[in-house]
Amino acid sequence: MNHFKAILFDLNGTLIDIWTDETREDLFRTMANLLNTFGVMLSAEEFRKLFYEIMKKQRDERKVEHPEFDAVGIFCTLLKEYGNEFTAVLPKNKLSMLPVFLAQTFRAASMYRLAEYPGVHRILDELQKEYTLAAVSDGQKIWAEAELRRLDLTRYFPVRVISSDYGFRKPAPGLFMAALDELKLEPKDVIYVGNDMYRDVLGSKKLGMKNIYFQSNQGDQRYHGYDSDYIIYRIEDLLTAVHFLEENTEV
């Protein structure tokens, strides 16, 4: 009988090999041109400046440690505060969906690579035979859900906790606890798998979870006062790591 009942996963950098670049001039030029067509008459540089100013304001207003921003909310603000008379007469159903469309376009235009790491589907297929799987990840829900669908990963995770829904990011304990509450489990019942020593290892360890650190091509690899319980360098080695923790964890 397994000691652990569920395995919780970070997404980007752990299961998903993603590369985006939100600093490119052509990204902001493209988005400014698109906004112009809907009556938000900003230059690329004006859009860049406002985008990060609104993001900072959102985070400051959270008044929590490790605040998260809201990409859809940024575009809501831009349309509301900088739209002209053309924006004002857009059909209500179109205007209500426009912030989501703009946020999705921003993500698509910034993306260079999106793929699962080698072996991810095989590993998840094996693990879900014995464990409940859940995702606990920083990011924007509208981006994460679309990317999970594109990679056919949604089916593995009946529970998906994404930071934009909560207003704060890991290593804040609230995200981990939200997943545990939904699963009706305690920290001792789960293993957390992530690629970031600060967000994932520190965050899960402080709650008393066992964790597996995947040293991938992304994430903070510096030591932050907590050791991981097992380190892997390929996601294909995850089954070995889980079996090790099962055999070496006291009940």
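Brief remarks on what is shown
- Candidates Pro118, Pro171: the one that is in a loop (DSSP other than H, G, I, E, B) and buried (at least 19 other Cβ atoms within 10 Å of the Cβ) is Pro171.
- The residues of the range 139-168 that are crowded, with 20+ Cβ neighbours inside 10 Å and polar (S, T, N, Q), listed by number, are Gln140, Ser163, Ser164.
- Screening Ile235 on (1) touching a residue at least 40 places away in the same chain (Cβ under 8 Å); (2) more than 19 Å from Val120 (Cβ to Cβ) shows it passes everything except condition (2).
- Neighbours by Cβ (under 9 Å, 6+ apart or cross-chain): first from the range 171-192, within 17 Å of Ile212 (Cβ to Cβ) and without any contact (Cβ under 8 Å) to a residue 24 or more places away in the chain; second assigned to a helix (DSSP H, G or I) and hydroxyl-bearing (Ser, Thr, Tyr): Pro187/Ser204
- Residue within the range 220-234 that is under 16 Å from the mean Cα position of the chain (by Cα), surrounded by fewer than 23 Cβ atoms within 10 Å (Cβ to Cβ) and within 20 Å of Glu65 (Cα to Cα) present: yes
- Arg199 vs. criteria among the basic types (Lys, Arg) and outside any helix (DSSP H, G or I): no
- Number of residues in the range 37-68 that are out of contact with any Lys or Arg (no Cβ under 6 Å at 6 or more places or on another chain) and touching a residue at least 40 places away in the same chain (Cβ under 8 Å) equals 8.
- Scan of the range 183-219 for residues that are surrounded by 16 or more Cβ atoms within 10 Å (Cβ to Cβ), more than 24 Å from His3 (Cα to Cα) and among the polar types (S, T, N, Q), ordered by number: Ser216, Gln218
- Residues that are in a helix (DSSP H, G or I), more than 22 Å from Leu180 (Cβ to Cβ) and touching a residue at least 40 places away in the same chain (Cβ under 8 Å), drawn from the range 134-158: Ile142, Trp143, Ala146, Glu147
- Selection of the range 1-33 for residues being in contact with an Asp or Glu (Cβ under 8 Å, 6 or more places away or on another chain) and aromatic (Phe, Trp, Tyr) yields Phe4, Phe28.
- Selection count where residues are surrounded by 13 or more Cβ atoms within 10 Å (Cβ to Cβ) and either free of Cβ contacts under 8 Å to residues at least 40 places away in the same chain or not in a helix (DSSP H, G or I) (or both), scope the range 81-100: 4
- Scanning the range 122-129 for residues that are at pLDDT 95 or above, closer than 15 Å to Asp70 by Cα and assigned to a loop (DSSP other than H, G, I, E, B) turns up nothing.
- Top-ranked residue of the range 1-42 - restricted to ones that are hydroxyl-bearing (Ser, Thr, Tyr) and under 15 Å from Ser110 (Cβ atoms), ranked as surrounded by the fewest Cβ atoms within 10 Å (Cβ to Cβ): Thr23
- Residue satisfying all of: in the range 211-250; polar (S, T, N, Q) and part of a loop (DSSP other than H, G, I, E, B); farthest from Lys170 (Cα to Cα) among these: Thr249
- Residues in the range 101-123 that are in contact (Cβ under 8 Å) with a residue 60 or more places away in the chain and hydrophobic (A, V, I, L, M, F, W, C): Leu102, Phe106, Ala109, Met111, Leu114, Ala115, Val120, Ile123.
- If you go through the range 27-36 and keep only what is over 14 Å from Tyr82 (Cβ atoms) and free of Cβ contacts under 8 Å to residues at least 60 places away in the same chain, you end up with Phe28, Arg29, Asn33.
The values are calculated or read from the model by the stated rules, or taken from the named source; none is laboratory data. These figures come from a predicted structure and were not determined experimentally. Using ideal geometry, Cβ is built from the backbone for each residue, glycine included, and neighbour counts are taken over all protein chains shown.
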